[in-house]
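Take a look at the structure below.
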Amino acid sequence: MVGIRMIVIMAIVGGLIAYIADNMGSKIGKKRMSVFGLRPRHTSILLTVLSGMMISVLTIGVMAISSESARTALFGMEKIKAEVKMLEKEKSIAQDALAKAKVEVEEKNSIISSLDEKIRESTRANNEMESKLAEVNTKYTDAQKAVADLSASKETLTSEVAALEESTALLRQGIISMREGQVFYRAGEVVYAAVMRGGLDHEQNVAQVNWLLDSANEAVLNRLGVEEKEERLQAIWLSKRIVDNAVAVLDNSKGNMFFRVRTIANIIVGELVACDIEMTDNQFIYPDNTLILSEKVDLKKLEGGQDAVLMSFLNKVNHKAVEAGVLPDPITGKVGNMDATTMIEASNDMRKLGGKVILKAYARGDITTAGPVRIRLEVVDDNE
């Protein structure tokens, strides 16, 4: 807007001066006036030149008055040039300094990058050292724990050895009715037997096995005639492997099992009873009232009387039950005992009937692998 205003002002001023100069030139020409002794024609030319000069001067004056930039351009150009030159020099110095600074920055950046890489390497090394230190600390802690466990195990074993020595001494002292060196248990003899429940959790199975071993230990003490004291006397011994295996078998069992604690060698009076555990599924063999064996007998043709015939028949029943899956006693081979009353009644029935009879043995109650085999005897007349 300032530039447009200046142009308008200069146009108006120039036009006005030109108009005045033209009128003056016309008047001077008409009047044939002379200035400085010049001819009128030359006077008119001089006046025109002076008018142009005045236009220029006035134009410059107006511009100088109305615009600071114009004043600066007209009267301060040399100063501006000097300042520009100085600024250019300062610019050149600044550019040189900037270039030098850039070089220094690049050098510093290179140093910083190198330091950063060293810091990263140091950090990695520090992390590795911390990891190794943590691993060493873990191993040290584990070693301390292992030492503590070993110390505790040592103390426990020492205590167990002392308890076993005390138990052995008490067992030797408590055997009054048995001669020294007498066989106390024969190899394979059943110390204790029980049916163990299947499908239980690990803790319950551990409790079952511990109960079985406690019961076996108590059976040995009772056989020795040693009274149980507040501190439990240890009369049997089983390896940890055998006990752990028994628990593992129960853990994997879905049904009931029959466990028998049996001696692994002949045991002399005064020795700890070393045992193993025999394990088998307790299967259902004979439901109640099942006919186990039936046999025809002609009493007239047999020798030995009714008792001999009856004993032979019972032996066959025993053999049949063993074949069916009932576990016999490893020493006697028997799967059960016949009470005297049943034997007498069967013998009397045979004597009354005489001649040909049929002997029948029925299961008295459900019979499983664990036994025992309890039977009901029937003597049926076959004299037809």
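The values are calculated or read from the model by the stated rules, or taken from the named source; none is laboratory data. Predicted model, so just to flag it, every value in this text is computed and none were measured. No Cβ is skipped: glycine too gets one built from the backbone with ideal geometry, and neighbour counts run over all protein chains shown.
Here are a few things to note about the model shown:
- Filtered by the rule that a residue be surrounded by 14 or more Cβ atoms within 10 Å (Cβ to Cβ) and more than 17 Å from ASN245 (Cβ to Cβ), the range 201-223 gives SER215, ASN217, GLU218, ALA219, VAL220, LEU221, ARG223.
- Output for the range 363-384, where each listed residue is over 14 Å from ALA324 (Cα atoms) and either touching a residue at least 40 places away in the same chain (Cβ under 8 Å) or assigned to a strand (DSSP E or B) (or both): ARG364, GLY365, ILE375, ARG376, LEU377, GLU378, VAL379, VAL380, ASP381, ASP382
- Of the set (1) surrounded by fewer than 18 Cβ atoms within 10 Å (Cβ to Cβ); (2) assigned to a helix (DSSP H, G or I); (3) in contact (Cβ under 8 Å) with a residue 24 or more places away in the chain; (4) not hydroxyl-bearing (Ser, Thr, Tyr), all apply to ILE358 but (2).
- Qualifying residues in the range 220-249 (those that are among the hydrophobic types (A, V, I, L, M, F, W, C) and farther than 12 Å from CYS275 by Cα) - the one modelled with the lowest pLDDT: VAL226
- Selection status of LYS81, surrounded by 10 or more Cβ atoms within 10 Å (Cβ to Cβ) and closer than 30 Å to ILE65 by Cα: yes
- Selection from the range 230-244 of residues that are in a helix (DSSP H, G or I) and either over 32 Å from the mean Cα position of the chain (by Cα) or touching a residue at least 12 places away in the same chain (Cβ under 8 Å) (or both): ILE242, VAL243
- ASP276 in contact with a helix residue (DSSP H, G or I) (Cβ under 7 Å, 6 or more places away or on another chain) and either in contact (Cβ under 8 Å) with a residue 60 or more places away in the chain or among the acidic types (Asp, Glu) (or both): yes
- Residues being touching a helix residue (DSSP H, G or I) at 6+ places or on another chain (Cβ under 9 Å), loosely packed, with under 13 Cβ neighbours inside 10 Å and either assigned to a loop (DSSP other than H, G, I, E, B) or touching a residue at least 24 places away in the same chain (Cβ under 8 Å) (or both) - total across the range 297-350: 3
- Residues of the range 346-374 that turn out to be more than 18 Å from LYS296 (Cα to Cα) and of a type outside the set (Gly, Ala, Ser), as a count: 8
- Within the range 182-197, tally of residues that are in a strand (DSSP E or B) and within 11 Å of ILE331 (Cα to Cα): 2
- Residue match in the range 245-268 (condition: in contact (Cβ under 8 Å) with a residue 60 or more places away in the chain, crowded, with 16+ Cβ neighbours inside 10 Å and farther than 30 Å from HIS202 by Cα): yes
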